[in-house]
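The structure under discussion appears below in the form of structure tokens.
Please treat every number below as a calculation from the coordinates, not as lab data. From a predicted model like this one, the values you see are computed outputs, not experimental measurements. Cβ coordinates were reconstructed from backbone atoms using ideal geometry, including for glycine residues, and neighbour counts include every protein chain displayed.
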């Protein structure tokens with residue numbers, strides 16, 4: 001095989017598009033885990049619902065998926081906030097439940113994931129759906145890429161950048177990071193943990209809905225499309241560090257690069273071996289994640 | 001209490017005034033209504049449900065000369081082929097069904113074959129084909145499809161030779177059916193003198209095929225044979241268009257015959273070859289168009305030319321067998337094994353598990369319609385080289 005292919009803009013474009021989508025999914029997943037220690041395995045279902053919202057808006061009313069994504073984000077944020085207030089807050093108030101929050105949340109969200117998948121299948125049928133929007137092929141620097149994938153890269157990339165800036169400079173963003181670092185200390189210095197938790201749920205859900213809307217522009221959607229994204233999301237947050245948001249972005253780039261360049265060098269049949277190989281290596285060599293600090297027993 | 005008594009009296013009165021109704025026959029099946037195969041099984045479910053509606057409207061089916069109403073018992077196998085045998089065993093022993101319809105897909109047919117043997121319960125399969133099952137020579141399952149991998153491999157090679165193809169890129173999804181097709185295709189290509197310039201396999205969870213497609217672009221073969229299932233078929237189509245893969249012969253194995261494909265790709269689907277042996281446009285098959293129209297009317301979308309057509313054929317075969325044989329399993333088995341059936345895909349007759357009358361065919365999309373382009377004797381249109389992708 002001609003190895004010059006490794007330097008082609010085409011592969012780079014693929015890595016960036018895939019990484020930007022992964023990052024949107026992983027940041028939301030990591031935020032919720034980092035601040036509340038909730039393992040939201042139903043995160044992929046939010047991606048799926050975002051995809052359906054964009055699909056229906058386009059198929060029924062011809063609304064651009066990019067506009068629908070905005071509306072979807074607002075609705076998802078509202079639902080996220082509501083779920084926190086109605087369900088999660090109660091879990092935190094009970095010391096018995098709080099002690100087992102990680103394992104309980106895994107089971108609860110697994111159940112929710114299956115329920116959401118099947119309700120969606122009942123409501124919209126299990127049929128795969130797709131549409132074509134912005135699908136002109138554009139040539140940039142030797143890469144040929146469909147406009148919808150370019151739009152995905154632009155929107156998802158800009159959103160990730162905005163998130164990074166938000167976590168660094170905005171008061172709420174800093175408060176989220178503070179809670180991730182040490183929840184009790186954050187509360188002691190006057191951060192309203194409960195309010196920040198609502199914001200985290202809203203932001204995490206909104207990012208997942210955005211990812212779903214963007215994915216629907218270039219891939220088919222079905223009620224069962226979400227789970228692989230949840231799995232990738234977990235691989236990424238282990239790579240980048242649990243609770244480490246910048247790490248999630250870097251982890252996304254690494255996973256996408258392993259998937260695209262790894263299979264170029266070896267064979268596509270090695271994809272899973274490569275992805276999970278990197279995952280296991282990260283767990284063995286740097287369990288705190290690439291950017292994480294080592295965790296002391298708390 | 002009074003109401004209950006009145007109701008009982010009414011029911012009793014209704015019972016004595018009506019002639020004793022025929023006991024309904026029970027027809028059961030389990031299929032992937034949820035889980036990863038649910039999107040693919042969907043068109044088969046819709047086809048079954050269309051039949052259920054027609055049977056109800058007709059007041060039942062003809063069982064050895066007597067019209068009997070039908071009660072359907074259905075389950076979800078949750079896309080788990082480990083569950084399929086248990087559910088089919090329950091259908092046979094607990095629900096005591098009279099007839100069974102097939103599940104979706106080769107792995108599920110494979111999974112239930114043993115149970116059907118154990119209880120000697122005949123089932124006409126549909127959306128499945130396997131040389132391995134055929135070689136085991138089971139006695140209670142049949143495949144109406146002519147897309148049996150060994151026949152497909154040989155026919156595809158002949159088709160490529162006719163199109164003067166010299167080089168091929170082959171990409172294969174690692175699932176039993178596509179791997180079986182590859183197993184028979186590769187030697188057929190070799191003996192036809194067609195050089196394989198790219199040969200990649202990938203797992204079902206693939207999300208990006210750019211690396212493989214870039215290799216194909218570099219190799220610039222005369223033909224690309226994407227042995228794929230719907231979700232990775234989409235990755236192929238999107239990627240091939242982005243990279244502007246110019247091969248005049250491009251085969252995408254499973255997916256293009258599904259309705260959402262044409263919605264997603266529009267004119268870019270034109271020129272794509274896919275597996276299939278049915279078309280509503282074939283004048284030789286008078287039942288084809290009415291089935292197409294009935295499906296279209298109920299669902300407002302065309303049937304899947306592969307799975308919907310096969311599901312309907314399997315029902316037609318079973319219905320015709322029951323019409324002559326009644327509900328006795330041995331007689332049904334005898335009827336299916338020996339009779340010739342009139343279906344939307346023309347006459348069907350089995351030798352072992354295999355349909356011997358329907359030739360192995362290939363479809364090509366032309367102006368948004370799937371046309372039979374191979375073999376020439378069955379063609380509804382002439383093959384046209386793929387003329388590139390829209391910008």
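Rounded to the nearest 0.05, what FRET efficiency do residue B:296 and residue A:231 give with R0 = 51 Å and r taken as the Cβ-Cβ distance? Could you check?
The pair residue B:296/residue A:231 has a calculated efficiency of 0.85.
Let me have the relative contact order for the range A:208-277, percent, based on Cα pairs under 8 Å that are six or more residues apart.
Contact order relative to length: 17 percent.
Give the percent of DSSP beta bridges with both residues in the protein assembly as shown that are antiparallel, rounded to the nearest 5.
40
Below 8 Å between Cα atoms, with a sequence gap of 6+, how large is the relative contact order for chain A in percent?
Value for chain A: 36 percent.
What does the convex hull of the Cα atoms come to per residue for the range A:25-225, in Å³?
124
Return B:194, B:112 ranked ascending by Cβ neighbour count within 10 Å, so the fewest neighbours appear first.
B:194, B:112
Just want the ordering: A:94, A:222, from fewest to most Cβ atoms lying within 10 Å of their own Cβ.
Ordered from fewest to most neighbouring Cβ atoms within 10 Å, A:94, A:222 come out as A:94, A:222.
If one puts a single equal scatterer on every Cα of the protein assembly as shown and applies the Debye formula without solvent, what log₁₀ I(q)/I(0) results at q = 0.08 Å⁻¹?
-0.68
Once each part is reduced to its C-alpha centroid, what is the distance from the range A:96-126 to the range B:319-384 in angstrom?
For the range A:96-126 versus the range B:319-384, the Cα centre distance is 44 Å.
By how many degrees, between 0 and 90 and to the nearest 10, does the Cα long axis of helix A:245-265 differ from the longest principal axis of chain A?
Taking the Cα atoms of chain A, the angle to A:245-265 is about 30 degrees.
Once you've got the GNM for chain B with C-alpha springs shorter than 10 Å, pick whichever of B:43, B:343, B:66 has the biggest mean-square fluctuation.
Its mean-square fluctuation being the largest, the pick is B:66.
In nm, give the distance between the simple-model label positions of residue B:120 and residue B:190, each being 7 Å from the Cα along the Cα-to-Cβ direction.
The modelled label-to-label distance comes out at 4.4 nm.
Could you tell me the center-to-center distance, by alpha carbons, between the range A:59-81 and the range B:99-150 in angstrom?
45
Only helical DSSP H runs with n ≥ 4 go in: add -39500 (n - 2.57) per run for chain B, normalise by residue count and round the 222 nm mean residue ellipticity to 500 deg cm²/dmol.
Helix contribution divided over all residues of chain B: -13500 deg cm²/dmol.
Out of B:316, B:53, B:180, any idea which swings most in a Gaussian network model of chain B, alpha carbons joined below 10 Å?
In this elastic network of chain B, the residue with the biggest mean-square fluctuation among B:316, B:53, B:180 is B:53.
Considering Cα pairs under 8 angstrom that are at least six residues apart, work out the relative contact order of chain B and quote it in whole percent.
The value is 16 percent.
Measure nothing fancy, just the Cα-based angle from helix B:210-219's long axis to the longest principal axis of chain B, in degrees from 0 to 90, nearest 10.
The angle comes out near 50 degrees.
For a label point 7 angstrom out from the Cα of residue B:205 toward its Cβ, which stretches of the range A:265-285 have the backbone nitrogen within less than 19 Å?
What the label zone holds, given the 19 Å backbone N cut-off, is A:266-284.
Report, to the nearest 10°, how far helix B:176-191 tilts away from the longest principal axis of the Cα atoms in chain B, using its own Cα long axis and a range of 0 to 90°.
That helix lies at roughly 40 degrees to the long axis.
Using Cβ contacts closer than 10 Å as the measure, can you line up A:189, B:70 from fewest to most?
The fewest-first ordering by Cβ neighbours comes to A:189, B:70.
Please compute the average number of Cβ atoms from other chains found within 10 Å of each residue's Cβ in peptide A:17-27.
Per-residue shielding by partner chains comes out at 1.
May I ask you to give the average projected area over all directions of the convex hull of the Cα atoms of chain B, in nm² rounded to one decimal?
Spelled out: convex hull of the Cα atoms, projected over all directions, averaged, 21.7 nm².
Within 10 Å of each Cβ of B:33-45, how many other protein chain Cβ atoms are there on average?
The shielding value for this peptide is 5.
Would you please give the FRET efficiency between residue B:49 and residue A:281, computed as 1/(1 + (r/R0)^6) with r the Cβ-Cβ distance and R0 = 41 Å, to the nearest 0.05?
Step by step, r from the Cβ atoms, then E = 0.25.
Considering every residue in A:119-127, what mean count of other chain Cβ atoms within 10 Å of its Cβ is obtained?
5
Sticking with the crude label model, points 7 Å out along Cα→Cβ, report the distance from residue B:158 to residue A:103 in nm, one decimal please.
Here the answer is 6.3 nm between the modelled labels.
7 Å from Cα along Cα→Cβ at both residue B:94 and residue A:123: what's the point-to-point distance in nm?
Going by the 7 Å Cα→Cβ label model, 3.1 nm.
Quick one: among B:88, B:236, B:299, which has the greatest mean-square fluctuation in a GNM of chain B with alpha-carbon springs under 10 angstrom?
Looking only at B:88, B:236, B:299, the largest GNM fluctuation is found for B:299.
Given the C-alpha centroids of the range A:143-169 and the range B:180-198, what is the distance between them in whole angstrom?
If you average the Cα positions of each part, the centres end up 43 Å apart.
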